[in-house]
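The next block holds one structure in the form of structure tokens; read it before the comments.
The values are calculated or read from the model by the stated rules, or taken from the named source; none is laboratory data. These numbers were taken from a predicted model, which means no experiment stands behind them. Glycine gets a Cβ as well: all are built from the backbone with ideal geometry, and neighbour counts include every protein chain shown. SASA here: full protein model, heavy atoms, side chains in, ligands and nucleic acids out. Shrake-Rupley method; radii C 1.70, N 1.55, O 1.52, S 1.80 Å.
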Amino acid sequence: MSHDVYADAKKRLARISGQVGGIQKMIEDERYCVDVLTQVSALRAALDQLGLLLLTHHIEDCVFGSGPEHEMSPEDKKQEVRTTLNRFLK
């Protein structure tokens, strides 16, 4: 994983961790349900963005990157993308 992707993922995970803690405190404080749901939605969006970052990195660098370790047939590359998307979208 490139340093930039690693740093971005680490920053996103720290933010996500803070959001989870915030939601937990909201529940403990018996905050209004709609407010909690709004934060749950924001958390889901943050997780989706982290997943998209990692998915993009995998496809660009691991599947279509250069170097001998990336020598897959076109069919193998298509299958790798299908498998990755299937796991990510479950």
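General remarks:
- The chain - percent of accessible surface contributed by carbon and sulfur, probe 1.4 Å: 57 percent
- Estimated FRET transfer efficiency (S41, L13; beta-carbon r; R0 22 Å; 0.05): 0.75
- Rounded to the nearest 10 degrees, the angle from helix 74-89 to the longest Cα principal axis of the chain is 10 degrees.
- Accessible-area ranking of S17, S2, largest first, probe 1.4 Å: S17, S2
- Stretched out straight at 0.36 nm per residue, the stretch from S73 to D4 would grow longer than its current Cα-Cα span by 22.0 nm.
- FRET efficiency, 1/(1 + (r/R0)^6) with R0 35 Å, evaluated for S66 and K25 via beta carbons: 0.15
- The chymotrypsin sites (Phe, Trp or Tyr not before Pro) of the stretch 1-82 that meet both conditions, a loop assignment by DSSP and at most 13 other Cβ atoms within 10 Å of the site Cβ, are Y32, F64.
- Taking the C-alpha atoms of the chain, convex hull volume expressed per residue in Å³: 89 Å³
- Computed from backbone phi with θ = phi - 60° and the Karplus coefficients 6.51, -1.76 and 1.60, the 3J(HN,Hα) list for the stretch 32-45 is 4, 3, 5, 5, 5, 4, 4, 6, 5, 4, 5, 5, 4, 5 Hz; x is used for glycine and proline.
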